[in-house]
């Protein structure tokens, strides 16, 4: 279940922010990791596997993030669209469910195949509402061929008092998950969508979205 669970504290109960040298080390190691040929092949392979899983639409993740039988997108149970903004609400639900269920499935496949460097306990933060907002914003920027966005701008837009909160507790883990790429230049951080996120969006999320988007109309009988 998507949550706004990214507030405060370090991942894994760590006390105090990590030193800059450690953040740089982790980011550099993860960046090199995802450039390896065998890892790139795994990223593509598991994105395609998650696409097939989404299209089957016969399993979902419950409130405790356990896999169970059932439709992640319950189009069979949808009634007809109501008035006014109901279409927008349905569309948002499809996007949010596709993000949460599909990306969790993708990341778990990669983790089980030893393709990720990040600790497992960051997944809930990586799949929170704020993470979803950053994900779709960054995808839009990548499609427009925009330069990586300064982390300070992202922090301000998403309600962080200072960009160090994102830098210290988000950047290393999100880069290790392949969801962000990060650059450090002249004492400033910038981020963009990472290789796992790009592969997931283009090879899994978008193909599934195109199939299920017409179902938001619901039962017209």
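Quick note: the coordinates plus some simple rules give every number you see, no bench work behind them. This structure is a prediction, so every number in the text was calculated from the model and none was measured. Note that each Cβ is placed from the backbone with ideal geometry, even for glycine, and that neighbours are counted across all protein chains shown.
Per-structure values
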item: Difference of contour (0.36 nm per residue) and Cα-Cα distance, residue 202 to residue 45; result: 55.2 nm
item: Extension reserve of the residue 78-residue 142 stretch, reckoned as 0.36 nm per residue once the Cα distance is removed; result: 19.7 nm
item: Packing-based exposure ordering (other Cβ within 10 Å, fewest first) of 31, 50, 186; result: 186, 31, 50
item: C-alpha long axis of helix 86-97 to longest principal axis of the chain, angle in °; result: 50
item: Order by protection proxy (mean Cβ within 10 Å, highest first), peptides 62-68, 16-22, 205-211, 164-170; result: 164-170, 205-211, 16-22, 62-68
item: Residue exposure sequence - 27, 196 - by fewest surrounding Cβ within 10 Å; result: 27, 196
item: At q = 0.08, 0.09, 0.16 Å⁻¹, base-10 log of I(q)/I(0) for the chain (Debye sum, equal scatterers on each alpha carbon); result: -0.29, -0.37, -1.12
item: Helix axis angle, 37-56 relative to the chain longest principal axis, alpha carbon, degrees; result: 20
item: Förster radius 35 Å - calculated FRET efficiency between residue 211 and residue 186 (Cβ-Cβ, nearest 0.05); result: 0.20
item: Crossing angle, helix 20-33 versus the chain [Cα axis fit, 0-90 degrees, rounded to tens]; result: 50
item: Pairwise centroid distance, computed over Cα atoms, of the range 168-221 with the range 102-153, Å; result: 5
